[in-house]
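No value in this document is a laboratory result; all are computed from the given coordinates. These numbers come from a predicted model, not from an experiment. Note: ideal-geometry Cβ built from the backbone for every residue, glycine included; neighbour counts use all protein chains shown.
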Amino acid sequence: MELAVYNIAGKDTGKKITLSDEIFGIVPNEHVVYLDVKQYLANQRQGTHKAKERAEVSRSTRKIKKQKGTGGARAGSMKSPLMKGGGRIFGPRPRDYHFKLNKKVKSLARQSALAAKAQSGDIAILDTVAFDTPKTKAFLGMLKALSLDNTKTLLITPDVDKNVVLSGRNIPKAKVSTAGDVNTYDLVNASKLLITTAAIEKIESSFSK
């Protein structure tokens with residue numbers, strides 16, 4: 001697959017880049033993408049939820065009413081889950097939501113997400129991205145030049161560039177990641193991928209290991 005290379009001004013540089021068919025040309029495996037996204041979201045959960053159950057509620061345990069003759073059910077404690085302010089039946093308890101996925105599954109998921117974006121035409125290649133100082137206006141200008149200012153966009157760079165990261169972090173529909181840190185969720189969540197030529201090389205070399 002061959003794509004044109006653009007600069008941050010949105011102009012075609014005249015260069016072309018060929019994406020590896022071994023990565024961007026495979027048939028996407030939707031199930032492993034689902035598993036990897038599910039694991040990512042599960043790992044974000046703190047699991048600190050807690051509700052008090054009957055034994056933990058501080059309320060009176062005196063006999064509420066006589067056992068017989070009232071015409072209603074027997075009641076013996078204000079801690080009962082049936083009473084207002086009583087304990088909760090099978091309430092949530094702190095737990096760890098993390099689960100394990102094999103490296104090969106995660107690798108295939110990321111590869112599938114990249115392939116799906118490439119095959120749907122949602123990848124744009126940039127020659128390079130660099131700003132002299134952190135400036136949100138410059139980042140927005142780049143997105144507007146590429147007609148992506150109203151599109152959920154993920155910019156993938158080869159390494160961490162502090163000026164680029166700081167320039168893009170206040171833009172709601174934009175996110176910046178590196179080729180080594182990008183995950184399946186970010187790839188799926190973005191409507192468009194902006195990838196620099198150097199980042200493409202890093203991504204392809206990471207899968208060839």
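Helical content of the chain, expressed as a calculated mean residue ellipticity at 222 nm, amounts to -10000 deg cm²/dmol (DSSP H runs of 4 or more residues, -39,500 (n - 2.57) each, divided by residue number, nearest 500).
Within the chain, antiparallel bridges make up roughly 20 percent of the DSSP beta bridges whose residues both belong there. As a calculated quantity, the FRET efficiency between Asp127 and Val27 at R0 = 22 Å, using C-beta atoms, amounts to about 0.15.
Taking each residue as 0.36 nm, the span from Ala145 to Lys103 lengthens on full extension beyond its C-alpha to C-alpha distance by 11.3 nm. For the chain, the longest principal axis of the Cα atoms and the long axis of helix 103-119 meet at an angle of about 60 degrees. Judged by the mean number of other Cβ atoms found within 10 Å, the most tightly packed of the peptides 91-98, 78-85 leads the ranking 78-85, 91-98. Dipole magnitude for region 48-96: about 300 debye, using +1 per Lys or Arg Cβ and -1 per Asp or Glu Cβ, origin at the Cα centre. The candidate values were [x] 17.3; [y] 19.9; [z] 20.7; the one computed from these coordinates for Kirkwood radius over Cα pairs in Å carries the label [z]. Rounded to the nearest 0.05, the FRET efficiency derived from the C-beta distance between Ile89 and Thr48 at R0 = 30 Å is 0.90.
The modelled label-to-label distance between Leu82 and Asp96, using points 7 Å beyond Cα along the C-beta direction, is 4.0 nm.
Between Gln119 and Asn189, what is the FRET efficiency for a Förster distance of 25 Å, r being their Cβ-Cβ separation, to the nearest 0.05?
Values: r = 18 Å, r/R0 = 0.71.
Approximately 0.90, to the nearest 0.05.
Which one, Gly91, Thr48, Gly69, is farthest towards the positive end of the dipole of region 48-96 when Lys and Arg carry +1 and Asp and Glu -1 on their Cβ? Ranked along the dipole, the leading option is Gly69. Give me the dipole magnitude in Debye, nearest 20, for the chain about the Cα centre, with unit charges on the beta carbon: positive for Lys and Arg, negative for Asp and Glu. Charge dipole, the chain, about its Cα centre: 2760 debye, nearest 20. With respect to the chain, whose longest principal axis is taken over its alpha-carbon atoms, helix 197-207 is tilted by about 60°.
Coupling constants for region 11-27 follow from the phi torsions by the Karplus curve (6.51 cos²θ - 1.76 cosθ + 1.60, θ = phi - 60°), and in residue order they are 9, 5, 7, x, 8, 10, 10, 9, 7, 5, 5, 5, 10, 8, x, 6, 7 Hz; glycine and proline get x.
When the scattering of region 48-96 is computed by the Debye formula from its Cα atoms alone, each counted once and equally, what is log10 I(q)/I(0) at q = 0.20, 0.25 Å⁻¹? With no solvent term, the Cα-only Debye profile gives -0.69, -0.89.
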